[in-house]
Amino acid sequence: MTRDGTLGVAVIGTGRMGSDHVRRIDEVISDARVAAVVDIDGERAKAAARRVDGCAAYTDAAAAMADDGVDAVLIASPGPAHEAALLEAFARDLPVLCEKPLTPDAASALRVVRAEARLGHRRAQVGFMRRYDARFRQLKAVLDAGVLGRPLMLHCVHRNVATGPGFTSTMTISDSVVHEIDATRWLLGQEIIAVTVLRPTPSAVAPEGLSDPQLVLFETAGGAVVDVEIFVNCGFGYQVRCEAVGEHGTARAGDDDGLYVNAAGRWGGEIPQDYVVRFADAYDREVQAWVDATRRGEVTGPSAWDGYAAAAVCEAGVCAQATGERTTVTLAPRPALYGG
Ligand code: NAD
C-alpha cells in the first residue's frame, strides 16, 4: 500500500466499463484510489485521468504497472488484450481484477492459469459480477442451505436492448452467455460437461447474419440441465433472470429490480437499459470486496481457474452453435493452487 494507506489502482482500458470503474473507485469505493489509467487511445487516457486528482495517464500497461503509486491493477481493456496485461501483472506480483472474459479462448486462459500457478499464489480475480448481485447471492444461499433439495434445472434469461457494430453470433456465447456459464458453475458447484445450442429463425430486427435469439443448454457433472435464453436485440431492456428448480421447490432471482409504481390507471416499473445500471450494486460490491481482500493480502472471488473453465465451456458452446451438435467440454487438469 502506498500513500495514506489506500490501494493505488491502475485501470487499464478506459472505455465503457473502465471509465465506470474509474468513477466507482474515485467516488464509491473505500480505501482505494485511481493512481493511473491506461488506454491505447492516449487522449481517452488523459481525459479519464483529468477527472481524478493525482491520477497519471499512460498508453502502455507495463509503464503504468511500474508507477510507484500503483499497488494493484484493474483490467478493463477488450478480451484479446487481457493475457498480456495479466502476465505483466504476474511478473510484477501485482494483484489483478480482470474483467470477464479472462481471455477470449481456452488455450490463452490456460496459459494465464499456468502462469499464476507458477507464481505459487493467487493474484487474479475475474469480473464475474453476478456472484456479487444481492439476489443471486440469496439464490446461492437458498441452494446451499438445501431449501430446494437437489437442484435439477436452472432456467436463465439474458436479454440486451441491442448489439453494437461487429457483434457476432460467437460473441453471444463468449461475451454474453459466459455470465450464465459462470453463474451455473458457481450456483450449482458443478462443472458443465456438455453444451447444445438451438437457433430459432432469427428475429427480423437482429442485424444481418446474427443468430438472435438462441437457446443454449448446459448439462452439468451432477446431472442438472440448464437452459439459457440469450436474446441480445430484444429492443426493450436489459434483463437477467435465473430460476432454480429443485426436488422440493423453486427460487428465482432477477424479477424485482426497481420501483413498482401504481399511477394513471396503470401498474409497473422501469426496465434497466443496460448492465451498468442493472448491476451497479454488484459492481460496487465486487470492487470493494477485491480492494478489501487485496489490502488484507488475500485473493477472493472468481479465480483464474473459473475464467479458464468458463472459456472452455464457451469454446464448446461456439462449436455447438456452428455444428448444431451436442458438444462435450474438455478441461485440463486443475492445478493444486485451485484445489486440484
Ligand atoms: P470498450 O470498447 O468500451 O473499451 C475498451 C477500451 O480499452 C477502449 O478505450 C480501448 O481504446 C482500450 N484498449 C484497447 N486495447 C487496449 C490495450 N491493449 N491497453 C489498454 N487499453 C486498451 O469495451 P468495454 O465494453 O468497456 O469492455 C471492456 C471489458 O469489460 C471487456 O473485457 C468486456 O468483456 C468487459 N465487460 C464486462 C461487463 C460485465 O458485466 N462484467 C460488461 C461489459 C463489458
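The values are calculated or read from the model by the stated rules, or taken from the named source; none is laboratory data. Note that this is a predicted model, so its numbers are computed, not measured. Methodologically, a virtual Cβ is constructed for each residue, glycine included, from the backbone with ideal geometry; neighbour enumeration extends over all protein chains shown. Note: areas computed on protein heavy atoms with side chains; ligands, DNA, RNA excluded. Shrake-Rupley method; radii C 1.70, N 1.55, O 1.52, S 1.80 Å.
Among all residues of region 241-254, there is at least one that is surrounded by 14 or more Cβ atoms within 10 Å (Cβ to Cβ), in a loop (DSSP other than H, G, I, E, B) and in the same structural domain as ALA145 (by TED's automatic domain parsing). The set of residues from region 199-216 being part of a strand (DSSP E or B) and touching a residue at least 40 places away in the same chain (Cβ under 8 Å) comprises GLN214, VAL216. Taking the stated definitions as given, is ALA117 open to solvent by 60 Å² or more (accessible area, probe 1.4 Å), farther than 20 Å from GLY18 by Cβ and more than 9 Å from the ligand (Cβ to nearest atom)? Against the criterion (open to solvent by 60 Å² or more (accessible area, probe 1.4 Å), farther than 20 Å from GLY18 by Cβ and more than 9 Å from the ligand (Cβ to nearest atom)), ALA117 does not qualify.
Looking across region 57-103 at every residue that is among the β-branched types (Val, Ile, Thr) and within 19 Å of the chain's Cα centre (by Cα), the one that is nearest to the ligand (Cβ to nearest atom) is identified as ILE75. Of all residue pairs spaced 6 or more apart or on separate chains, those with beta-carbon atoms under 6 Å, a first member in region 76-98 that is in contact (Cβ under 8 Å) with a residue 60 or more places away in the chain and a second member that is among the acidic types (Asp, Glu) and within 13 Å of the ligand (Cβ to nearest atom) are ALA76/GLU99. Would you mind finding the one in ARG122, ARG111 that is more than 16 Å from the ligand (Cβ to nearest atom), in the same structural domain as GLU298 (by TED's automatic domain parsing) and outside any helix (DSSP H, G or I)? One residue alone meets the criteria, ARG122. Beta carbons closer than 9 Å, at least 6 apart along the sequence or on distinct chains, pair a first residue in region 238-256 that is at negative phi with a second that is of a type in the set (S, T, N, Q) for TYR238/ASN160; TYR238/GLN273; GLN239/ASN160; CYS242/THR184; GLU243/THR250; ALA244/THR250; ALA251/GLN138; ALA253/GLN138.
Checking each residue in region 236-249 for being more than 14 Å from VAL226 (Cβ to Cβ) and over 23 Å from the mean Cα position of the chain (by Cα) picks out GLU247, HIS248, GLY249.
ASP20: within 12 Å of the ligand (Cβ to nearest atom), within 22 Å of ASP292 (Cβ to Cβ) and out of contact with any strand residue (DSSP E or B) (no Cβ under 6 Å at 6 or more places or on another chain), yes or no? Spelling it out, ASP20 is indeed within 12 Å of the ligand (Cβ to nearest atom), within 22 Å of ASP292 (Cβ to Cβ) and out of contact with any strand residue (DSSP E or B) (no Cβ under 6 Å at 6 or more places or on another chain). Within region 183-204, the residues that satisfy the criterion of being closer than 14 Å to GLU315 by Cα and open to solvent by less than 60 Å² (accessible area, probe 1.4 Å) are ILE192, ALA194, VAL195, THR196, VAL197. Among residues of region 317-340 being out of contact with any helix residue (DSSP H, G or I) (no Cβ under 9 Å at 6 or more places or on another chain) and more than 12 Å from VAL113 (Cβ to Cβ), the one that is most open to solvent (accessible area, probe 1.4 Å) is THR323. Of the residues making up region 264-273, none is part of a loop (DSSP other than H, G, I, E, B) and among the aromatic types (Phe, Trp, Tyr). Note on region 23-47: residues that are away from the ligand (no atom under 11 Å from the Cβ) and not basic (Lys, Arg) total 11.
Going through (1) farther than 22 Å from VAL277 by Cβ; (2) within 17 Å of the chain's Cα centre (by Cα); (3) buried (at least 23 other Cβ atoms within 10 Å of the Cβ) one by one, SER174 falls short only on (3).
Checked against (1) open to solvent by 10 Å² or more (accessible area, probe 1.4 Å); (2) within 15 Å of the chain's Cα centre (by Cα); (3) under 22 Å from ALA141 (Cβ atoms), TYR275 meets all criteria but (3).
Residues of region 125-169 that are surrounded by 21 or more Cβ atoms within 10 Å (Cβ to Cβ), under 16 Å from the mean Cα position of the chain (by Cα) and in a helix (DSSP H, G or I): MET129, ARG130, ARG131, TYR132, PHE136.
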